[in-house]
Structures are given as structure tokens and as C-alpha cells.
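J.: Encoded as C-alpha cells, here's the structure I'll be asking about.
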Amino acid sequence: MERESTPSQQSTDSQIAQMIERTFRQESGRILATLIASVRDFTLAEDALQDAALAALQRWPQEGAPRQPAAWLTTIARRKAIDRLRRDATLARKQTLLQEIATLEAQVTGLWSGGATDDGQDDAATFPDERLKLLFTCCHPALALEARVALTLRTLGGLTTVEIANAFLVSTTTMAQRLTRAQRKIHDAGVPYRVPPAALLAERLDGVLAVLYLIFNEGYTAMAGDALIRQELCAEAIRLTRTLLDLLANEPTLGDEPEALGLLALMLLNHARRRARVDTHGDLVLLDAQDRTLWDRAAIVEGVALLDRALCLRRPGPYQTQAAISALHAQAPTAAATDWRQIALLYGALARMAPSPIIELNQAVAVAMADGPTHGLALLDRLQLDEALSHYHFYHAARADLLRRAGRLDEATASYTRALALCQNTIERRFLQRRLRELAGR
């Protein structure tokens, strides 16, 4: 006989459904990492976790939520993985699958003997945290960069394929294929599921940081679409970088990594300005015109403290240098008080550490702010960035602004027009159109 649903019961069911969703979002990375460590198969682990989530939706409203929801889901997901392996045991690789089943059953039996009950009421400490291994696996250099980003968001971030596809403005089918190819390549190429050995750690960690940086940048300044900022991507990049720092700190042979600290500081200092970057009409507000009372002071304080901690390790790098630039902006009480000369020097140091036309562009803009637009334009011409950045709309917009401030209005109009033709973000396009109208009016 079906249970009669009362308003009170419906409210309880809704609360439990929200708890399951919250647990899944917050803990899926750790649970998946634990499962993948057992089965060495991304698809099987994801399917088993989905089965466990469905089981929770069916059982928790009837039996009540467990004391340790994440541990419950992990134990049930292990059982679901065993069930799936048993169903596949009639295939050609029967012996291998039977061995995998035996290994998994031994693991689950060990967990039960350590305090788990038949209801999956486990002590969360039973499960080792395998996320650092999973992060290095998702960011392995054998995978294309776009695949590393998608796989990191899917497995450690807990984002759905639809959410990732929407964030990067591709179809769900395209993103699903990208994820499937990445998972297949990990399996077929035998990508090791481990923290890299000491000799490879620095190089591989750089790759992990690059993925997290790319995720944040795509959220911070969306290159296309209707939103200037994709808050969920910025927040996810910050959360994942915090996780990385925590995991590194818990590894006996690792500890603080200055560039990881610098990257988190950079993210926090930049994201602190998020509420001031668009006005009440949804239009772009440039840095010098932003209402600094809207900046997130707690994030700025934390970012500066992280930067100081990184700099004390005396191993400077590009992320720390960028964070130092952001700190100078964040700590200036007014736009006029910004130390542009120091910022220009830091961009010069950054260009030596990590040569890039975009960094050289930012250096030229900082020089223009410190010494006047003609000095910035002279540096742009000397660096010959027009060819390297011909398809980068920010280059043409920055050059247009320097030309406008130097009084070369016809040239400024041409550069703004070029920037508008290349720009795919709706809010930035409105800003460029406004600049063109102002020049036409003058």
C-alpha cells in the first residue's frame, strides 16, 4: 500500500531531496575519487554514484537521512559498482572482472568491519581522500587542455555535463563527447592514478594550476554570451584551488606551494571586485570608475594574507606576480591613488617570467597610466603587438582607449570599430558601442 503524502511529509521529502543534492554537489569529488581509486574506471564510478544517489532518493524519505550522508553514498556506490561488474562478468574478460569484484567486496567488507552497518552508516574518516590523485589524473598532459578543464569540473567540481556545456557555450552533445574521449584516453593510455613522483611534481603541478586558472578566467571575463561574469565558474575555480591547497598541505612530502597560494590570492583579489564590475543597468564599469565600497573586503584581506604567505617562501612565480598587481589595485583607496608605476614594473617582471603578447599589452597600458597615453602607444608600437594580437578584441579596445586619451580620435574610432567586430560578449559590445557614439558626438 502506498504511503499517503501529507503536506508535512512533502516538506520533509523536499528537505531530504535538497540534502541529497547539497551532499552530491559538495562531496561528489571526494566520493568519485574514492570509487575511481577502487575500480580505475571513470564511467563505472560515475554510474555507480548516480545509482547511489537514486537509492538515497528512494530510501532516505522512508528511513531518515544517515548520520554521515557522504559515507553512506560512498558505501552504497561501491555496492552498486559490484552489481554492475557482476552483470558484466559474462563478457570476454570474465576473469579480470571477477578479480575486480573480489577486490571491491574485500574493500566493502573491510569498511563494514570498521564500523559500517548494512545501512551504510559509516564513519566518514574510513574513506581516504583520493582527490589529489584524481586532480592530477584529470589534468594529465596526455589530455587536450579543453578535456582537462571539462573533466576537472565534471569529476571534482560535481557540475553536470549540461552545466559545463552552458558555461563554455558548446552543445551538451559536444561536451559529452569531449568527456567520453577524455575518460577513454585515460583508460586506454594507462594514465597513472597517483600523485606524481617528486621529479615530475613541479611540472605536473604547473599543469593543474593552469587548468584552474583557465576555469577562473573563463568565468571572470566571459569571452562570449550575455554575461560579463560567470559567477559559478569563478566560485568553482576558487573552491577547487582551496581543495588543492588543503590536499597539498596534508601530503607529508609537499606542504605549501607558493604558486598555488599565489593563484588563490589572485582569484580572490580579482573576484572581490565582482559586484562593482557592472552597474544597475547591467553595463560594464571600468576599474577606475568602480564603486570601491562594493568590493569584497574580506576576500581582499584573505587574498593579501595568502600572497604574503607565498612571498615568504621566496620562490616567486607568475601567479604570485599577478596577485601582487591585483593587490596594488585592491589596496588603493581611490583610482587616482593606484601605484601604476609599480604595476608597470611588475608587468615587466611578469613578461620576463612568462613572455606573452597579452602581458606586454598590459604592461603598455600600465605605462600609459603612469606616464601618459603617448608613452603607452610608443611601447605598443615598439613591441609590434598588432600582428600577434590582431584577433584579440581587448588589444584593439586598449589601443583605442590610449588613442582617445591622446586626442587621436579618428584612429581611436577605427580601433574601437575593429574591437567591436571581434567582440562576442554582449555587455562588452554595448560598452564599445557607447564609446563609438561618444566619439561620433565629439
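Rule-based calculations on the coordinates, nothing more; no lab input. Bear in mind that the values here come from a model prediction, so they are computed numbers and not experimental data. So basically every Cβ, Gly included, is an ideal-geometry build from the backbone, and we count neighbours across all protein chains shown.
J.: May I ask you to list the residues of the range 208-231 whose amide nitrogen lies under 16 Å from a point 7 Å from Cα along the Cα→beta-carbon direction of residue 285?
T.: So the set is 228-229.
J.: Continuing with this model, one more query. Considering the options 390, 330, 260, tell which one lies farthest towards the positive end of the dipole of the chain, charges being +1 on Lys and Arg and -1 on Asp and Glu at the Cβ, about the Cα centre.
T.: Projecting each Cα onto the dipole axis, the largest value belongs to 390.
J.: To test your reading of the geometry: what angle, between 0 and 90 degrees and rounded to tens, separates the Cα axis of helix 198-220 from the longest principal axis of the chain?
T.: 70 degrees
J.: Let me ask something else. Please give the contour-minus-distance gain from residue 305 to residue 26: 0.36 nm per residue of separation, less the Cα-Cα distance, rounded to one decimal in nm.
T.: Numbers: separation 279, 0.36 × 279 = 100.44 nm, distance 2.59 nm.
Length gained, residue 305 through residue 26: 97.8 nm.
J.: Label residue 231 and residue 83 with points 7 Å out from Cα along Cα→Cβ: what is the distance between them in nm?
T.: 3.8 nm
J.: Still on this model: Using a 7 Å offset from the Cα along the Cα-to-Cβ direction at both residue 58 and residue 254, what is the distance between the two label points in nm, to one decimal?
T.: So the two model labels end up 3.8 nm from each other.
J.: May I pose another question? Applying a 10 Å radius around every beta-carbon, put 320-328, 174-182, 263-271, 335-343 in order of their mean neighbour count, most first.
T.: Numbers: 320-328: 22.7, 174-182: 18.2, 263-271: 26.9, 335-343: 14.7.
Top of the packing list down: 263-271, 320-328, 174-182, 335-343.
J.: Rg/Rh for the chain: what does it come to with C-alpha atoms and Rh from Kirkwood? Present the calculation step by step, with values, prior to reporting the outcome.
T.: On the way: Rg = 25.6 Å, Rh = 24.6 Å.
Reported Rg/Rh (Cα atoms, Kirkwood Rh): 1.04.
J.: For the pair residue 187 and residue 174, how long in nm is the line joining their label points, each one 7 Å along Cα→Cβ?
T.: Between residue 187 and residue 174, the label points sit 2.5 nm apart.
J.: Taking the Cα centre of the chain as origin, sum charge times position over the Cβ atoms of Lys and Arg (+1) and Asp and Glu (-1), and report the length of that vector in debye to the nearest 20.
T.: Details: 51 positive and 52 negative charges, 156 e Å.
Computed charge dipole of the chain: roughly 740 debye.
J.: Separate question: Taking the highest mean first, how do the peptides 147-156, 202-211, 280-289 order by number of other beta carbon atoms within 10 angstrom per residue? Mind dumping the intermediate values first?
T.: On the way: 147-156: 25.4, 202-211: 17.3, 280-289: 11.2.
Answer by packing, highest mean first, reads 147-156, 202-211, 280-289.
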